[in-house]
1. Spin-label point model (7 Å from Cα, Cβ direction): what's the Ser21 to Ile332 distance in nm?
2. How would you rank Phe131, Phe146, going from fewest to most other Cβ atoms within 10 Å of each one's own Cβ?
3. In which sequence would Ser204, Ser183 go, from the one with the fewest C-beta neighbours within 10 Å to the one with the most?
4. Specify the angular offset, from 0 to 90 degrees and rounded to the nearest 10, of the alpha carbon long axis of helix 61-97 from the longest principal axis of the alpha carbons in the chain.
5. Residue farthest toward the positive end of the dipole of the chain, with Cβ of Lys/Arg at +1 and Asp/Glu at -1: which of Trp108, Phe339, Ala261?
6. With charges set only on the Cβ (+1 for Lys and Arg, -1 for Asp and Glu), what does the dipole of the chain come to about its Cα centre, in debye to the nearest 20?
7. What is the order of Tyr330, Tyr308, fewest Cβ neighbours within 10 Å to most?
8. Over what distance in Å are the Cα centres of segment 227-285 and segment 37-63 separated?
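FYI, it's all coordinate maths here, none of it is from the lab. All values derive from a computational prediction rather than experimental measurement. So basically every Cβ, Gly included, is an ideal-geometry build from the backbone, and we count neighbours across all protein chains shown.
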Amino acid sequence: MSNELKSFLEGLDSLAQDCESRKGQACSLKELEELRVEFLGRKGKLAGMMGQLGKLDNSEKPEAGQKANTVKQAITALLDSWEAELHKAEASEALSKFDPSMPGRKPWAGSLHPVTLVMDEVCNVLTGLGFEHAAGPEVENDWHNFEALNMPPEHPARDMQDTLYVSDKIVLRTHTSGMQIRSMLKQEPPVAVICPGKVYRRDSDLTHTPMFHQIEGLLVDKNVSMADLRGTLTVFVRQIFGSQTDVRFRPSFFPFTEPSAEVDISCVMCGGKGEKDGSTCRVCKGTGWVEILGCGMVDPNVFKSVGYDPEVFTGFAFGMGIERIAMLKYGIGDLRMFFENDVRFLEQFA
Ligand code: PHE
């Protein structure tokens, strides 16, 4: 054996010993990685020794190469075993910090949107009074949305609702009243339907959004009177806002009802006193009343367009915005909160 081979093999042995003696330095995975680079890296100690291989006689190279491989495997195994030890220590440390008596983290649970909650409640009260649910298209034709409701083309009342047109004769429904027409066309009186759903208007400010939710009701039969309307709405309002709620009817105008009225309830914030905590009530502005819906006796022209005889049948209709009811019920001051999807707002209704 040549001297060169001898010193090469000795060099490899001491490399292995060197690595073994460094165990104390591998206290963390990061330090261990540094050792791995120092010994086995591309510019590491073992690679440095392999550079010397070329100086050996060709006949001695196989033995030297074999030994280098053995040493490389030994160092790798050593570092691997240290790494496994470190992993184990880390895991048991984490386990020792784990306190099984701590309360668990609650999973997030969704909740119904306040508009959905109020819509459901309003529907429940009205179906409890005998109204049936009717659903219809949000994209509506001009005839159902306007013409059959006593609003012929060019009728100035069309300006009351800023309409979003899909095409000349097709609109996004501005109210759910079109559904009442559909319901009447489908059957003979008596008719008692409620039509809940999304409606659209070209309107956007602090108190208006281009889409909002509405529910309308319709009752048609023989001898339906304004007194029936008043009784029905009073029962309805007291179920939603509480039995102390007062109701008043103010004369108003809608093309599809005659006579028409707007309905106010005693203010939900100040109880009708007009002031709260010594200052003017911000909800009713001191009047003691807040408006919640529109209503009236179905106009004979509407009956004519669905083929009902206005000499035989009478009926009442009413319509309200659900967001408005929800704002009054929950004391919400800003309509936009319903559409911002802020979880801090929404989770209060869970
Ligand atoms: N359709 C009316 C609106 O959207 C509400 C209403 C319905 C008024 C029924 C009277 C009778 O404003």
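1. Label at Ser21, label at Ile332, 7.6 nm between them.
2. Details: Phe131 21, Phe146 25.
Ranking Phe131, Phe146 by Cβ neighbours within 10 Å, fewest first, gives Phe131, Phe146.
3. By the 10 Å Cβ count, ascending, the order reads Ser204, Ser183.
4. Result, in degrees: 40.
5. Farthest along the dipole direction, towards plus: Trp108.
6. Values: 38 positive and 50 negative charges, 100 e Å.
Magnitude of the dipole: close to 480 debye.
7. Working: Tyr330 14, Tyr308 21.
Listed from fewest to most nearby Cβ atoms, that is Tyr330, Tyr308.
8. Cα centres, segment 227-285 to segment 37-63: 95 Å.
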